[in-house]
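Chemist: I have a structure I would like to understand better, so I am pasting it below and will then ask my questions one at a time.
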Amino acid sequence: MNLLVVGSVALDSVETPYGMVDNALGGSAVYFSVSASYFTDVGVVAVIGLDFPEDHLNFLKSKRIDLRGLKRESGLTFHWKGRYSGDLNEAETIDTKLNVFEDFRPYIPEEYRESSFVFLANIDPELQLNVLEQVKRPKLTICDTMNFWIEGKLEQLKEIIKRVDILIINEGEVRQLSRETNLIKAYQKISSYGPKILVVKQGSYGALLFTPSSVFSAPAYPLEELSDPTGAGDCFAGGFVGYLAKSQDTTEDKLRKAVIYGSVMASFNVEDFSLGRLKTLTIDEIEKRFESFKKLTQF
Ligand code: AMP
């Protein structure tokens, strides 16, 4: 397995100014793996309940995602209910039902343990740590997190951050984690904890990449119409890590291109609710938008 992701598989109910969906396919591991599947082979470790529709499994299989690490337990699938208003940059969580996720203890199947690239999507840092203990010498480890864990499990979170190569988080979370308002100072502090590479997601403003030698800034793709930002962060991570895993390389040049592929994947995802846009998306469309990004930022 080239790329392993551990995260949530969910049924989401989402409301935005442009419409709503109920019990639609979602979850960090789903958005990430579908996005990364355009670049490399991906295996998922997660849990679903008895109510998880067979159609969703067939969709994931149609993207050639390896589901040997996806366990079905008796109980209901993790359910997240959220709402976006205003500029769509921040989700308001209305309800989170952990359901089968409550007792989730990630077990990495033998076939996945030698994965070269490991993405720890936003889950309890103790579980993220447990995953790292099961994998054997991955080439690159990348982790995401959220304010909930920064507030509730900071010590465990710092333990995981110490051990990963790249951290991908939102701008607000960077400030919260580092207790610095200035992003350059925040990077210096975070890199002193461990990861030498920091990717700062800025929603509709794009993303920043900090490495020991430079800072790179990518805009978000200007879209005339967008429907639902849910999963944009995970699709970004899927494009970013997927491209690095495909390249088997983390040089500065590849990291910068990876940020653009991440932005491309996030930009498609927000065009429709749930995984709607990624159902029809083609590699040609991805490459065309990558080229548009070049024009957008050339001067
Ligand atoms: P994103 O918009 O990329 O930050 O991620 C959205 C996805 O995260 C949704 O599909 C939710 O199902 C999932 N999600 C929301 N809250 C949590 C949580 N506490 N743990 C794991 N996944 C979550």
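The values are calculated or read from the model by the stated rules, or taken from the named source; none is laboratory data. What you see is a predicted model; the values in this text were computed from it and never measured. Note that we place each Cβ from the backbone using ideal geometry, even for glycine, and neighbour counts take in every protein chain shown.
Chemist: Contact list please: Cβ distance under 6 Å, first residue in the range 131-143 and under 7 Å from residue 117 (Cα atoms), second residue β-branched (Val, Ile, Thr) and not in a strand (DSSP E or B), pairs at least six apart or on different chains.
Modeler: Qualifying pairs under 6 Å: 141/164.
Chemist: Among the residues of the range 82-105, are any buried (at least 20 other Cβ atoms within 10 Å of the Cβ), of a type in the set (Phe, Trp, Tyr) and not in a strand (DSSP E or B)?
Modeler: So far as the range 82-105 goes, yes, one or more of its residues are buried (at least 20 other Cβ atoms within 10 Å of the Cβ), of a type in the set (Phe, Trp, Tyr) and not in a strand (DSSP E or B).
Chemist: Please go through the range 230-248 and give me each residue that is outside any helix (DSSP H, G or I) and either over 22 Å from residue 65 (Cα atoms) or within 16 Å of the ligand (Cβ to nearest atom) (or both), ordered by number.
Modeler: Within the range 230-248, 230, 231 qualify.
Chemist: Residues being closer than 20 Å to residue 120 by Cα and of a type in the set (A, V, I, L, M, F, W, C): count how many of those fall in the range 241-285.
Modeler: 8
Chemist: Can you find a residue that is basic (Lys, Arg), within 15 Å of the ligand (Cβ to nearest atom) and at pLDDT 95 or above anywhere in the range 201-208?
Modeler: Scanning the range 201-208 turns up at least one residue that is basic (Lys, Arg), within 15 Å of the ligand (Cβ to nearest atom) and at pLDDT 95 or above.
Chemist: Let me ask you something else. Could you grab me the full set of residues in the range 79-96 that are within 7 Å of the ligand (Cβ to nearest atom) and within 17 Å of the chain's Cα centre (by Cα)?
Modeler: Hits for the range 79-96 are 80, 91.
Chemist: Taking residue 11 and the conditions (1) surrounded by 19 or more Cβ atoms within 10 Å (Cβ to Cβ); (2) over 17 Å from residue 270 (Cβ atoms); (3) at pLDDT 95 or above; (4) in contact with a helix residue (DSSP H, G or I) (Cβ under 8 Å, 6 or more places away or on another chain), which numbered condition does it fall short on, given that it satisfies the others?
Modeler: (4)
Chemist: Go through the residues of the range 183-197 one by one and say whether even a single one is modelled with pLDDT of 95 or more, in contact with a Ser or Thr (Cβ under 6 Å, 6 or more places away or on another chain), over 30 Å from residue 276 (Cα atoms) and in a loop (DSSP other than H, G, I, E, B).
Modeler: Scanning the range 183-197, I find no residue that is modelled with pLDDT of 95 or more, in contact with a Ser or Thr (Cβ under 6 Å, 6 or more places away or on another chain), over 30 Å from residue 276 (Cα atoms) and in a loop (DSSP other than H, G, I, E, B), so the answer is no.
Chemist: Moving to a separate point now. Hey, residue 116 hits all of (1) more than 18 Å from residue 46 (Cβ to Cβ); (2) under 18 Å from the mean Cα position of the chain (by Cα); (3) without any contact (Cβ under 8 Å) to a residue 40 or more places away in the chain but one; which does it fall short on?
Modeler: (3)
Chemist: While we're on this one: Among the listed residues 50, 25, 57, 4, identify the single one that is touching a helix residue (DSSP H, G or I) at 6+ places or on another chain (Cβ under 8 Å) and more than 11 Å from the ligand (Cβ to nearest atom).
Modeler: Of the residues listed, the single one that is touching a helix residue (DSSP H, G or I) at 6+ places or on another chain (Cβ under 8 Å) and more than 11 Å from the ligand (Cβ to nearest atom) is 4.
Chemist: Turning to a different aspect of this structure: Considering the range 267-299 alone, what residues qualify as being hydrophobic (A, V, I, L, M, F, W, C) and either in a helix (DSSP H, G or I) or in contact with a Lys or Arg (Cβ under 7 Å, 6 or more places away or on another chain) (or both)?
Modeler: Filtering the range 267-299 for residues hydrophobic (A, V, I, L, M, F, W, C) gives 268, 270, 273, 275, 278, 281, 283, 286, 290, 293, 296, 299.
Once the filter is applied, which keeps residues that are hydrophobic (A, V, I, L, M, F, W, C) and either in a helix (DSSP H, G or I) or in contact with a Lys or Arg (Cβ under 7 Å, 6 or more places away or on another chain) (or both), the range 267-299 yields 268, 278, 283, 286, 290, 293, 296.
Chemist: If the Cβ limit is 6 Å and pairs must be 6+ apart or interchain, which residue in the range 38-49 that is on the phi < 0 side of the Ramachandran plot pairs with which residue that is of a type in the set (S, T, N, Q)?
Modeler: Close Cβ pairs (under 6 Å, with a partner that is of a type in the set (S, T, N, Q)) amount to 40/2; 41/2; 42/33; 44/33; 48/77; 49/77; 49/99.
Chemist: Among the residues of the range 33-45, is there at least one that is assigned to a strand (DSSP E or B) and among the small types (Gly, Ala, Ser)?
Modeler: Within the range 33-45, one or more residues are assigned to a strand (DSSP E or B) and among the small types (Gly, Ala, Ser).
Chemist: Considering every residue within the range 207-215, establish whether at least one is of a type outside the set (S, T, N, Q) and assigned to a helix (DSSP H, G or I).
Modeler: For the range 207-215, residues of a type outside the set (S, T, N, Q) and assigned to a helix (DSSP H, G or I): absent.
Chemist: Please tell me if residue 74 is in contact with a Lys or Arg (Cβ under 9 Å, 6 or more places away or on another chain), modelled with pLDDT of 95 or more and more than 10 Å from the ligand (Cβ to nearest atom). If you could, list the steps in order and put the result at the bottom.
Modeler: Working: in contact with a Lys or Arg (Cβ under 9 Å, 6 or more places away or on another chain): no; modelled with pLDDT of 95 or more: yes; more than 10 Å from the ligand (Cβ to nearest atom): yes.
So residue 74 does not fit the description; no.
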